[in-house]
Every structure is written in C-alpha cells, then in structure tokens.
1. Taking Ala321, is it of a type in the set (Gly, Ala, Ser) and more than 27 Å from Gln150 (Cα to Cα)?
2. I want to confirm something. Restricting to the range 217-228 and keeping residues that are over 9 Å from Ser332 (Cα atoms), of a type outside the set (Ser, Thr, Tyr) and in contact with a Phe, Trp or Tyr (Cβ under 9 Å, 6 or more places away or on another chain), which single residue is surrounded by the most Cβ atoms within 10 Å (Cβ to Cβ)?
3. Here is a list: Thr7, Thr19. Which entry is over 11 Å from Leu103 (Cβ atoms) and not aliphatic (A, V, I, L, M)?
4. Failed condition for Thr317, given (1) at pLDDT below 95; (2) in contact with a Cys (Cβ under 9 Å, 6 or more places away or on another chain), with all others met?
5. Have a look at Ala194, Ala198, Ala214 and point out the one that is assigned to a loop (DSSP other than H, G, I, E, B), at pLDDT below 95 and crowded, with 18+ Cβ neighbours inside 10 Å.
6. Search the range 277-332 for residues being in contact with a His (Cβ under 7 Å, 6 or more places away or on another chain), of a type in the set (Gly, Ala, Ser) and not in a helix (DSSP H, G or I), and hand back the single one that is surrounded by the fewest Cβ atoms within 10 Å (Cβ to Cβ).
7. Residue under question is Val154, and the condition is that it be part of a helix (DSSP H, G or I) and at pLDDT below 80; does it hold?
8. When the residues of the range 52-63 are narrowed to those that are touching a residue at least 60 places away in the same chain (Cβ under 8 Å) and over 21 Å from Pro35 (Cβ atoms), which ends up surrounded by the fewest Cβ atoms within 10 Å (Cβ to Cβ)?
Amino acid sequence: MGLSPDTRALYARAVENPTRLSLAEQNRVLGRPPPEEEDELCLARVGIDRQAVISKALTEPDTLSHTECDIVLTGAHYHSSNPSALNLPLDVLVSLSPEECQLQSQAYGEVRRVTEWHNTEEPAVHNAFERSRAIREQERAERKREREQQVELVQTAMGLPRPKWIQDVLDAQLPRWGFVCFRTGYATKGDDDAAPAADDAAWDQLRWTLDDIAQLVLTHWWKRDGPRLYETCEHVFVSDPDLKGASPEHLRARFRTMRDGNEIPEGVRRDCFLVADADALTCDYIAQKKEYRGGRDWVPHVKALDPDYDEATGPLTGGFAGEINVPLPKISDWLHYTLFSHCETWQERHRQTTQETWQPIRTAYAPYPAYTGVWGGRKW
C-alpha cells in the first residue's frame, strides 16, 4: 500500500527542517492527536492537560494514577477498551518499502530531536513505566489476598454444620414458608390477538418454574441442608380475573384483607407478596418452557411488594416506591431470608436490585445468600 503522498511529503519536510513543522504536524509524525485535542482528552480523563501529566511523571511519579501512566506510555487517545489506539507514528501498520521505512524513521527521529524528547519525555516514560509496573504488582497482590481470604472463609464455613441462614430458618421450626403470589396478567376477550397471551397455561408454567428454580437453588446450591428447606416451601397462588392489571394499591388492599382475615397459612410471609404481571407471564423464558440450570441469563423476574408501604408518602429515600423486581432464583434464599431475619430494609433491597447485578452463589458453604454474590463483605 505504501505511504500516501500527503504523509510522504510531511515526512520529507520533517527530515529537511523539523523546526518548520507546526505543533500539530509534529504530533502527527509522532502518532499523537493535535495539541488541543490531546489536552481535551487528558482533561476529560484525568482533569489536567498533557504537559501537566508529563511534569507529574517527572517530579512526582509515585502519585501517578493508572490512567495517567497510560497517557504517558501509550498516548491520550489510548483506552483499555480500545487497546489498538496506541501512540504510534503514522502508517505504522501500513506495509512500507525499505525506503519508506527509512524515511519514516528519520522523520520520527528528527521530530523527537527538535522537541528534546530524550531530555523531557523519555525520563517521564521511564518513570511512568516503573509506576505502572508497581500498580500492577499491587493489584496482583491485592487479588491474591482476596483469593486467600475467600478460601479461608470457605474453609471456615465448611467446618460448620450448615450455613448460618439455613440454621436460623430451621431453628424457627416453621411448618412451611413461602409467599403469596398474585397474578395480574390475563388473556381475556377483546385483547389484541397480536399480543402474547398471558393465559392459564403461562400461569401454570410460571408456577412450575418458581418451584423448579427453588428446588435447584435449595438442593444444589445450598446442598448443606437446603433440601430440608425445599421440603417445607409452599406458596399461595392467587388467580382472579378481577385482578387483571391491578394497581399496587389495589393489590396491597387485597393482601391486607387476606392477612387480617387469617387467610394466609402460618409461615407464609405476611410482610411481602409477589406479583406476576403480563410481562412476567409472556417472557420468552416462560413461553419456551425452559428449565433453569444456573446463571443469570433469561431468568424471569417478578415484583415483590411491601404490603405496608404508604402510597401517600411517595418514594422513600433512595427511590423505593413500594416494590422491587426480583429474579426468581433469589426468591427462595435472599428475599426470604432478608425478610425472615430483618437484616435488610426495603430501601436496601431496592438499592441492590436497581444498582447491583445479582449473582448465583458459587459455593454451598456461603453463610449468607447475598443478592450480589457478596458474602463476608467481599465480592466473589
């Protein structure tokens, strides 16, 4: 392919008299953006311009951040998500003839000479390299410490008769445990024929899916006496066409009526209920009758509502407005236990379900079924 005529002419001018090149042209030979663009990139990423980054690398290298090291070493336009955007001369990836390679090398060297690169930026590059290496070593050491701590926690938990949360629930000797689940998605006369049908078959499939997932979670993930919890898992399912598209306020009133009338069996939660709306009943997972085998993909969510939330007060601190969306695998352990033990508030559950990515647990010995795959205060 070779050098373009414009690039060849620029290199020739750089070899002949590099002092006559503009700053933008010098940067172009060195594979850098124009100075104004370069400073804008630096300001956006680290809050100071490029010259300030270079000065920092020369005088205070131990204070350089990882990003500042990247700017010195690989250029302001480099980002870890785009490692190909390196600080390279023009046409470096183009197939050049020996004569063109020599011209390019000479131009690059002349611009470096006239800008006194060896006296200013070369020491900065050296310092940034050493600092970057120290940061990487520190990060590796921290990851090693975290792994060792996780192993220690697992080994400690393995020595216990069962995870603490399971022990807590078993100690309560509940005859059953579970949730009231209302259906608000229905396929009724007059519905748009093109829309997915939230029919009785979909409702039956969701009920089966909730049980199937609970069985996997409690007998496989929580194999240390989790099966004993599954044996007593009983949900109360409420299907009533009058509830089609019912508002949260209406559902709360219906639930409180059941609660006040002692229609909720002992052990079934009275401080939370679930809602399967049309979206839950018509999702691909339910329509395709999938079987859950772990992971986060394609998992149905249902709504969990606080029956005592006061709609008149409006959203609470943090944005909680009386309900959260919960993936079915977290119904049987995380949601139930946080309600059972009162170890989390509704606001905290809302924060996690809106700001964190839920994780299946990765060991049967975890002491607590956290939402985000965090236990012992550490991420997996």
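The values are calculated or read from the model by the stated rules, or taken from the named source; none is laboratory data. Note that this is a predicted model, so its numbers are computed, not measured. Backbone-built Cβ (ideal geometry, glycine too); neighbour counts: all protein chains shown.
1. Working: of a type in the set (Gly, Ala, Ser): yes; more than 27 Å from Gln150 (Cα to Cα): yes.
Spelling it out, Ala321 is indeed of a type in the set (Gly, Ala, Ser) and more than 27 Å from Gln150 (Cα to Cα).
2. Residues of the range 217-228 that are over 9 Å from Ser332 (Cα atoms), as a first pass: 219-228.
From what is left, the residues that are of a type outside the set (Ser, Thr, Tyr) are 220-228.
Cutting the leftovers down to in contact with a Phe, Trp or Tyr (Cβ under 9 Å, 6 or more places away or on another chain) gives us 222, 224.
Values: Trp222: 26, Arg224: 19.
Taking the candidates together, the pick is Trp222.
3. On the way: Thr7 fails: over 11 Å from Leu103 (Cβ atoms).
Every option except Thr19 fails the conditions.
4. (2)
5. On the way: Ala194 fails: crowded, with 18+ Cβ neighbours inside 10 Å; Ala214 fails: assigned to a loop (DSSP other than H, G, I, E, B).
So the residue among Ala194, Ala198, Ala214 that is assigned to a loop (DSSP other than H, G, I, E, B), at pLDDT below 95 and crowded, with 18+ Cβ neighbours inside 10 Å is Ala198.
6. Here the residue is Gly319.
7. Details: part of a helix (DSSP H, G or I): yes; at pLDDT below 80: yes.
So Val154 passes the test.
8. Asp62
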